[in-house]
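Asks: First, the structure itself, so that you have it in front of you.
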Amino acid sequence: MMTDAELIDRHLSGDRAALGEILDRFEAPLLRFARALTGSDDLAQDAVQETFLKLVREGGKMREVRALLPWLLHVGRNCCLDQRRREVRMERKHEESVRGAALVASAPADEAVIHAETRDRVREAVERLPEPQRAVVKLKMWEGLTYREIADRLGMTLTNVSYHLGRAVASLSGVLKGVEAVH
């Protein structure tokens, strides 16, 4: 069995078999570590995939590394933290969207005409979204499902749900800013 240093040297020289050996040797422990950090199989798999992509893309940074597992765990931990930060940002954006939609839904009767018009514009904008985004928005905003429930229903990872919701919120932001400006 090759040492970590030999694997790194072979990987850096372009040996694909060395990369395969690294994956075989370290994927399982890295996956267990990521699962412990994220509490989710999907997020853990995404983090491990991102970690190995960084190994491939940023391999040159490994010239001084002689022990792979500590390096992979460090990069994997950072990938897990980055995912969590993305999720928190997406949740915040979603909450802002929901607040905007709630303002429309809870408007006083004298503003009902304006808000009905705005609500219709928001619904029309949602209907114009590409299918994955539209489905995620409807399940989150109108059915109140969690990211996990949406992922299970649509057969997506949590990262995909977060991505599609973020893209949808960005697309709808002009409409929602118009809604908030009325209040």
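Asks: List the pairs whose first member sits in the stretch 24-48 and is closer than 21 Å to Glu87 by Cα, whose second member is of a type in the set (Lys, Arg) and part of a helix (DSSP H, G or I), and whose Cβ atoms are under 7 Å apart, counting only residues at least 6 apart or on separate chains?
Replies: Leu37/Arg77; Asp41/Arg35; Ala44/Arg35
Conditions tested, residue by residue: (1) touching a residue at least 40 places away in the same chain (Cβ under 8 Å); (2) acidic (Asp, Glu).
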site	(1), (2)
Asp120	no, yes
Arg134	no, no
Lys140	yes, no
Gly144	no, no
Glu149	no, yes
Met156	no, no
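Asks: Here's a check for you: in the stretch 1-58, which residue that is polar (S, T, N, Q) and in a loop (DSSP other than H, G, I, E, B) is surrounded by the most Cβ atoms within 10 Å (Cβ to Cβ)? Outline the logic, then answer.
Replies: Residues of the stretch 1-58 polar (S, T, N, Q): 3, 13, 38, 40, 45, 49, 51.
When the remaining residues are screened for being in a loop (DSSP other than H, G, I, E, B), the result is 3, 13, 40.
Details: Thr3: 11, Ser13: 8, Ser40: 20.
Applying the filter and picking the extreme gives Ser40.
Asks: For the list (1) of a type outside the set (S, T, N, Q); (2) at pLDDT below 90; (3) more than 19 Å from Tyr163 (Cα to Cα), I need the number of the one condition that Arg89 fails.
Replies: (3)
Asks: Just give me the residues in the stretch 121-159 being among the polar types (S, T, N, Q), modelled with pLDDT under 85 and part of a helix (DSSP H, G or I), in sequence order.
Replies: Within the stretch 121-159, Thr159 is the sole residue that qualifies.
Asks: Scan the stretch 19-43 for residues that are modelled with pLDDT of 90 or more and either on the phi > 0 side of the Ramachandran plot or of a type in the set (A, V, I, L, M, F, W, C) (or both) and jot them down.
Replies: Result: Ile22, Leu23, Phe26, Ala28, Leu30, Leu31, Phe33, Ala34, Ala36, Leu37.
Asks: Within the stretch 27-86, work out how many residues are in contact with a His (Cβ under 9 Å, 6 or more places away or on another chain) and of a type outside the set (Val, Ile, Thr). Even if it seems obvious, please write down each step before you answer.
Replies: Taking the stretch 27-86 and keeping what is in contact with a His (Cβ under 9 Å, 6 or more places away or on another chain), we get 55-56, 59, 62.
Imposing the further condition that a residue be of a type outside the set (Val, Ile, Thr) reduces the set to 55, 59, 62.
Counting residues in the stretch 27-86 that are in contact with a His (Cβ under 9 Å, 6 or more places away or on another chain) and of a type outside the set (Val, Ile, Thr) gives 3.
The values are calculated or read from the model by the stated rules, or taken from the named source; none is laboratory data. All values derive from a computational prediction rather than experimental measurement. Please note: Cβ atoms are built from the backbone with ideal geometry, for glycine as well, and neighbour counts cover all protein chains shown.
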